[in-house]
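Everything below concerns the one structure shown next.
The values are calculated or read from the model by the stated rules, or taken from the named source; none is laboratory data. Just so it is clear, the structure is predicted and the values come from calculations on it, not from any experiment. Using ideal geometry, Cβ is built from the backbone for each residue, glycine included, and neighbour counts are taken over all protein chains shown. When the accessible area is computed, the model is the full protein with side chains, heavy atoms only, and any ligands, DNA or RNA have been set aside. Shrake-Rupley method; radii C 1.70, N 1.55, O 1.52, S 1.80 Å.
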Amino acid sequence: MKPRVIAVDGPAGAGKSTVSRRLARALGWSYVDTGAMYRVVGLIAHEQGADFADADALVAICDALELVFEDDGEGVRTIANGRDVSRDIRSAEAGQHASKVSVVAELRQRLVALQRRMGEAGPTVMEGRDIGTVVFPDAPLKVFLRASVEERARRRCADLEARGDSVDRQRIEREIAERDQRDSTRATSPLRPADDALIVDTTDEGIDQVVARILALADERQVP
Ligand code: DC
C-alpha cells in the first residue's frame, strides 16, 4: 500500500514550510519538518564542540536524542532532550551547521528511519530535501519547490529580521548559494527533484495559488 504522505522538497527559502503547513492544515494531516531534525543535531554537535564530520559523534547525539514536535496552536515548537530549541535552530548559523552534518551518511540513515516511522504513523505532509527521492519514494504526491536565489535570500532576510537578528543581505545570498551547492553535490541523497515530482517555481507565484494547485492535484489523484 502507498504511504499517505505528500512529499515537499526543495532548497532553503523556496517556501516549503509555508506551503507544507498550509497543506497539512487544509487536509487535517500531520506536518513533519525534517530540516528541523538536522538542525537539532547540528545545534547539539556545535554546543558539544563535536566535529561536524565525525559520524560516531553525530550518531551518538542522534541515539541519545529525545525529540518532540509540539503544536502550541500558534506554531510547532521543537523540544530536544526536554529543552525548547525552536528559536536556536532557526539562526543562519544553525542552518549552516545543519547543512554540514546532513552530509554524513550514517546520520542520514538514522534520521531517515525515524522519518519513515513518523510518516507511517498517519497521513503526513513531510518537507525536506530527499522525501520524494529517498524517504518515501512511493509517496502518491511529490512536490519540488524552487525560487530564484535573490527571492529566497529576500525571504530568509525577512524571517531573520522578524526574529530581531541583524542581517547582511549579500552574506545571506552567499550562504544560500553555498548551502545549495553542498546540499546538491553531497554523495548521499543529494537535493534533486524526484522524476515524478510536480515542479513549482514560487518566485512569482503566490502561496495561495501554489497551495490551491497542489490541493487540486491531490484531489485529482485521490490522495486524501
Ligand atoms: O530545510 P532546512 O533549511 O531547515 O534544512 C536545513 C539543512 O538540513 C539543509 O541545508 C539540508 C539538511 N536537510 C537534509 O539534508 N535533508 C532533509 N530532508 C532536510 C534537511
Cα gyration tensor shape of the stretch 97-224, rounded if a/c is under 1.5, else prolate or oblate by comparing a/b with b/c: oblate
DSSP bridge pairs, the chain: antiparallel proportion in percent, nearest 5: 30
Between the stretch 152-224 and the stretch 67-146, the Cα center-to-center distance that results, in Å: 14
Largest to smallest principal axis extent of the C-alpha atoms in the chain, angstrom: 50, 40, 37
The stretch 88-224 - charge dipole about Cα centre, Lys and Arg +1 at Cβ, Asp and Glu -1, debye rounded to 20: 480
Pairwise label distance in nanometres, ALA105 with SER148, each label 7 Å out on the Cα-Cβ vector: 3.9
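Express the accessible area of the chain per residue in Å², computed with a 1.4 Å probe while the remaining protein chains stay in the model. Don't skip to the end; give the middle numbers.
Details: 10970 Å² over 224 residues.
Value for the chain: 49 Å² per residue.
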Burial ranking of peptide ranges 137-146, 70-79, 88-97 (average Cβ count within 10 Å, highest at the top): 137-146, 88-97, 70-79
